[in-house]
Amino acid sequence: MSIANPQNAKFSNVITPAKIDWQMDDTGNMVPVSDEFGDVYFSHADGLAETRHVFLAHNQLSERLTRLAPKQCFTIAELGFGTGLNLLATWQLWRQLRDTHSHLADARLHFITTEKFPIPYADLTHILALWRQRAPELSRFIELLLAAYPPLIAGCHRLSFSYDNLTVDMWFGDAADSLSKLAVSHQYSSVPHIDAWFLDGFAPSCNSTLWADSIFAQMQRLSGPRTTAATYSCAGIVKRGLKEHGFQIKKVKGFGRKREMLTAVMIDADGFDASHDNVNVNIDQDIDRDDKYQKTTRTIFDHTVVIGAGVSGLLTAWSLANRGITVTLLDKSAPLAGASGNPRALLAPKMTPIHHVDEHLHTIGYLYSNRLYRDFNQKASQIDTAPVLEPTGALDLLIKSNVGTEQIADYPNEMATTLPAKQAQDLTTLKNQNLLDNLYLPESGLVNPQALKNIILTHPLIRFQQLEVNKITETEQQVRIEGIDKNHDTITADNIVICAAFESHQLDERIFDCRKIRGQLSWFIPTVEQMANLPKIPLKYNGYCALFNAQTGDSELNTVIAGEPYLLLGASFIRNDTDTNVRDEEHQISRDKLITAIPEMASIVPVDTSKWQGRAGIRTQTPDYHPIVGQLAHSQRIWTMSAMGAKGYALAPICAEALADMMLGSFAPLSEAMLARLSPNRTRLQTPLV
Ligand code: SAM
């Protein structure tokens with residue numbers, strides 16, 4: 001992984017994991033100490049009480065969270081995630097408040113945290129085991145945090161704990177860099193801001209970067225009037241930094257034997273006109289006006305129409321519904337009737353050299369989708385549907401890849417690694433293939449679109465309606481959608497999101513008229529003899545193949561028989577062809593790709609494909625290969641998410657989160673630069689394709 005490669009030292013965005021030392025504290029307990037900074041993460045005896053005193057109480061969290069209105073989101077930003085103790089304490093408080101205040105059922109908490117030296121999973125497990133013993137009330141949250149803890153690579157890792165209305169964004173990398181990537185663009189319908197800061201760097205004497213001018217400047221940029229901050233430190237550099245960047249500070253009694261600590265409130269935020277209100281704030285006075293401010297600046301709306309029920313539309317509906325928005329999901333035929341309705345999709349990332357990973361949508365999307373689909377698996381068992389993600393792992397033969405084995409070695413092994421050839425042979429059961437170079441993706445798997453659809457459509461706020469839309473009219477107050485049907489149905493909504501893939505342009509000409517690519521997948525039932533010789537895990541080459549067992553429900557979308565095994569082969573790639581009839585010659589194309597990559601399959605996979613089944617869909621692609629996500633030019637209420645190419649199952653979940661955040665005025669899990677690359681109005685989309 002990355003630290004092993006000294007070459008990576010020159011890249012500031014390549015993660016060096018924390019090295020943990022254990023030392024005895026003055027109460028005789030062993031405590032974790034950062035090898036890098038030589039300081040303790042927390043005091044064993046009273047670390048949790050200190051967290052509650054400094055960060056929770058002195059940001060007045062209980063009071064402020066209790067006052068949230070339905071659907072309102074409160075955003076906390078933390079400098080220094082460390083062991084996650086602050087998050088765990090905040091999470092516990094949030095759950096307690098939601099359990100006792102029914103009006104918080106739809107309110108949300110967004111916890112954004114930064115960490116330059118994330119703690120490896122094994123050390124974190126060990127550290128948090130201490131807190132399980134000392135504070136059993138944290139046990140459940142520790143379990144959930146560890147289950148979602150991301151691999152230690154740079155960039156934003158979004159963890160969605162939707163049952164708690166809690167979103168955690170872990171930005172791995174230098175805090176000043178990460179904060180500078182948060183978008184507060186005024187182009188969106190409302191401007192996000194941080195409500196409370198937890199300043200929890202190690203002591204300024206040993207950790208100057210977390211108390212630098214660049215940090216305070218970001219705090220000013222990202223705060224609104226009456227944003228608060230709290231820190232245990234009263235060092236001069238902290239007081240000065242806060243004061244010079246718009247905060248009014250106050251020393252208050254510190255925790256335990258500590259004489260003092262600092263609280264602060266923003267009175268002069270960048271980009272906000274504080275003059276409309278009395279800014280002569282007393283930190284001790286209640287922060288009622290904070291709520292008033294939020295209600296007037298953050299957009300809260302009730303009803304959104306999503307047009308198109310493919311993977312983009314389904315995931316957009318899911319992200320909005322989880323924020324309390326009622327969604328009407330429209331499609332001219334049925335959910336997953338188009339290119340997203342394949343029997344299975346292989347969730348395996350396109351890799352990039354590690355120093356590009358923090359801005360690499362495929363990796364960010366893959367990791368987020370992987371976490372989401374594993375959460376969906378738990379929901380699936382509750383509603384008696386098949387699992388959404390079958391965790392098979394996958395082996396990439398590196399025939400068409402952006403990375404070689406040297407670059408794969410920079411990744412954490414649990415995410416991507418190269419297997420010894422013998423092990424790769426055992427795993428695949430291929431006999432004659434040279435498997436010296438390979439990319440093994442242990443967390444990869446097969447997505448079951450039908451199961452995903454079942455789960456999303458059980459959300460109480462999502463309603464599917466079949467309607468072929470032929471007219472969209474935007475006024476200042478609403479959007480009107482008219483359909484072609486015998487009743488001349490008209491639907492009104494606060495917003496619409498167009499997720500109609502290659503037909504999006506027909507619904508609104510401002511959406512780029514993308515390249516259309518026909519892709520056909522093929523599948524057949526192998527004989528017992530063939531089965532014995534087929535690769536046992538999904539393989540990627542310049543196509544892919546995967547064995548799967550058809551599940552109950554699969555036949556709603558495709559010609560398969562529940563309980564039977566299939567070999568799935570993909571895919572053809574025919575430009576400017578929008579016909580969706582299954583073609584025998586494209587079964588041959590997929591067979592040829594397999595045999596060219598793995599010659600020993602020639603004698604196993606039959607030449608006669610006349611009994612094969614298939615499905616052809618139209619994929620939509622932009623000239624720069626990025627999807628289109630965002631608000632349309634000169635519109636307040638029309639948004640789009642489309643052009644996922646063949647990567648919808650990897651990209652749609654994170655793009656839907658970013659879109660919902662932009663619509664609601666929250667911080668997106670993608671950098672400002674990435675959001676610009678995805679914008680429907682980007683320069684690259686100003687010239688039509690020829
Ligand atoms: N909040 C943590 C908790 O609840 O366990 C404790 C944080 S610890 C006191 C400070 C953290 O800041 C360390 O994990 C350290 O690695 C991190 N850190 C130090 N310099 C940083 C920087 N420039 N950017 C981001 N994180 C940094």
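Size descriptors for segment 393-505: radius of gyration and Dmax over Cα atoms are 23.9, 66 Å.
Here the chain is treated with +1 on each Lys and Arg Cβ and -1 on each Asp and Glu Cβ, and its dipole about the Cα centre works out to around 280 debye. In order along segment 311-323, the Karplus-derived 3J(HN,Hα) couplings, from 6.51 cos²θ - 1.76 cosθ + 1.60 at θ = phi - 60°, round to 4, 5, x, 4, 6, 5, 4, 4, 5, 5, 4, 5, 9 Hz, and Gly and Pro are given as x. P(r) tail for segment 632-690, what percent of Cα pairs lie past 14 Å? In whole percent, the share of Cα-Cα pairs in segment 632-690 beyond 14 Å is 62. Over all other residues within a Cβ to Cβ distance under 15 Å of Arg344, the charged ones net out to 0, with Lys and Arg as +1 and Asp and Glu as -1. Calculated on the Cα set of segment 395-453, radius of gyration then Dmax: 13.2, 40 Å. Tell me, how many Å apart are the Cα centres for segment 56-110 and for segment 577-618? About 53 Å separates the Cα centre of segment 56-110 from the one of segment 577-618.
Separation of segment 309-340 from segment 498-524 is 16 Å, based on Cα centroids.
Here segment 557-690 is treated as a Stokes sphere of Kirkwood radius computed over C-alpha pairs; at 25 °C and 0.890 mPa s its diffusion coefficient rounds to 136 µm²/s.
Averaging 1/r over each pair of different alpha-carbon atoms in segment 124-273 and inverting the result gives 17.4 Å, the Kirkwood hydrodynamic radius. The share of alpha-carbon pairs in segment 212-257 lying farther apart than 14 Å comes to 48%. For Thr683 and Tyr121, the FRET efficiency from 1/(1 + (r/R0)^6), where r spans their Cβ atoms and R0 equals 41 Å, is about 0.50. Stokes-Einstein, applied to the Kirkwood radius of segment 509-548 over Cα pairs at a viscosity of 1.002 mPa s and 20 °C, places its translational diffusion at 160 µm² s⁻¹. Distances between every pair of Cα atoms in segment 7-145, grouped in 10 Å steps from 0 to the bin holding the largest one, split as 11, 37, 32, 16, 4, 0 percent.
Taking 22 Å as the limit for the C-alpha separation, the pairs Lys400/Lys593; Lys593/Lys647; Lys379/Lys453; Lys350/Lys422; Lys181/Lys251; Lys350/Lys540 exceed it in the case of Lys350/Lys422; Lys181/Lys251. Put in line by how crowded their Cβ is, counting other Cβ atoms within 10 Å and starting with the fewest, Ile76, Ile517, Ile267 read Ile267, Ile517, Ile76. When the alpha carbon coordinates of segment 490-578 are projected onto the principal axes, the ranges are 55, 30, 20 Å, largest first.
Here is the P(r) of segment 13-93: all C-alpha pair distances, binned every 5 Å from 0, give 3, 12, 20, 20, 16, 12, 8, 6, 2, 0 in whole percents.
The order of the peptides 222-235, 407-420, 307-320 by mean Cβ neighbours within 10 Å, most packed first, is 307-320, 222-235, 407-420.
Exposure proxy shown here: for Arg591, Arg257, Arg95, the number of other Cβ atoms within 10 Å sets the order, fewest to most, as Arg257, Arg95, Arg591.
Sorted largest first, the principal axis extents computed over the alpha-carbon atoms of segment 533-578 equal 35, 29, 12 Å. I need the shape label for segment 467-621. Rule: rounded when a/c is under 1.5, else prolate if a/b > b/c, else oblate, with a, b, c from the alpha carbon gyration tensor. Prolate is the answer for segment 467-621, as a/c is 1.5 or above and a/b outweighs b/c.
Around the Cα centre of segment 576-676, unit charges on the Cβ atoms of Lys, Arg, Asp and Glu (plus for the first two, minus for the last two) sum to a dipole of about 200 debye.
Average projection, convex hull of the Cα set of the chain: 31.1 square nanometres. Against the chain, whose longest principal axis comes from its Cα atoms, helix 648-664 is set at around 40 degrees. Seen from a random direction on average, the alpha-carbon convex hull of segment 88-199 projects onto 8.3 square nanometres.
For segment 504-512, the Karplus equation 6.51 cos²θ - 1.76 cosθ + 1.60, evaluated at θ = phi - 60°, returns couplings of 4, 4, 5, 7, 8, 5, 6, 7, 3 Hz by residue, with Gly and Pro reported as x.
Readers should treat all values here as calculations from the given coordinates under stated rules, not as data from a laboratory. Because the structure is a prediction, the values reported are computed rather than measured. FYI the Cβ positions are ideal-geometry reconstructions off the backbone, even for glycines, and counts take in every protein chain you see.
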